[in-house]
Amino acid sequence: MDNIRIKLALEFSISEADLEDALAELDELSVDSLITQILDKSIAIDDIRCKVVEGPNNLEEVDALRTAAHPS
């Protein structure tokens, strides 16, 4: 057996400011690409597929949630 496939579900909470900082600092455009990059740099992975199924995936979606929570 050459490759082992592992599939997992991951759920985490993060403050709005920390999410914005992480996406800006690592020059990532989306949460799924940020997680992919973190995993790829942490361990050698041949194939990574990451998908956000709930919650904001980019800063535009964070802004939309902020606007919905605090309409002007």
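Listed values, structure above:
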| read-out | value |
| --- | --- |
| Residue in region 36-56 that is of a type in the set (A, V, I, L, M, F, W, C), part of a helix (DSSP H, G or I) and over 30 Å from ILE4 (Cβ atoms) present | no |
| Enumeration of residues in region 13-33 that are modelled with pLDDT of 85 or more and of a type outside the set (Asp, Glu) | SER13, ILE14, SER15, ALA17, LEU19, SER30, VAL31, SER33 |
| Conditions (1) surrounded by 10 or more Cβ atoms within 10 Å (Cβ to Cβ); (2) within 20 Å of VAL62 (Cα to Cα); number of the one not met by PHE12 | (1) |
| Top-ranked residue of region 1-24 - restricted to ones that are within 13 Å of the chain's Cα centre (by Cα) and not in a loop (DSSP other than H, G, I, E, B), ranked as nearest to ARG66 (Cα to Cα) | GLU16 |
| Hits in region 39-59 (condition: loosely packed, with under 11 Cβ neighbours inside 10 Å, within 18 Å of the chain's Cα centre (by Cα) and more than 19 Å from ALA9 (Cα to Cα)) | LYS41 |
| Matching residues, region 25-35, being over 16 Å from ILE6 (Cα atoms), in a helix (DSSP H, G or I) and not hydroxyl-bearing (Ser, Thr, Tyr) | GLU25, VAL31, ASP32, LEU34 |
| Pair list, Cβ < 8 Å and 6+ apart or interchain, from region 5-18 residues that are over 28 Å from ASP47 (Cβ atoms) to residues that are modelled with pLDDT under 90 | GLU16/VAL62; GLU16/ARG66 |
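The values are calculated or read from the model by the stated rules, or taken from the named source; none is laboratory data. None of the values given here were measured: they were computed from a predicted structure. Heads up, the Cβs are rebuilt from the backbone with ideal geometry, glycines too, and the neighbour counts pull from every protein chain shown.
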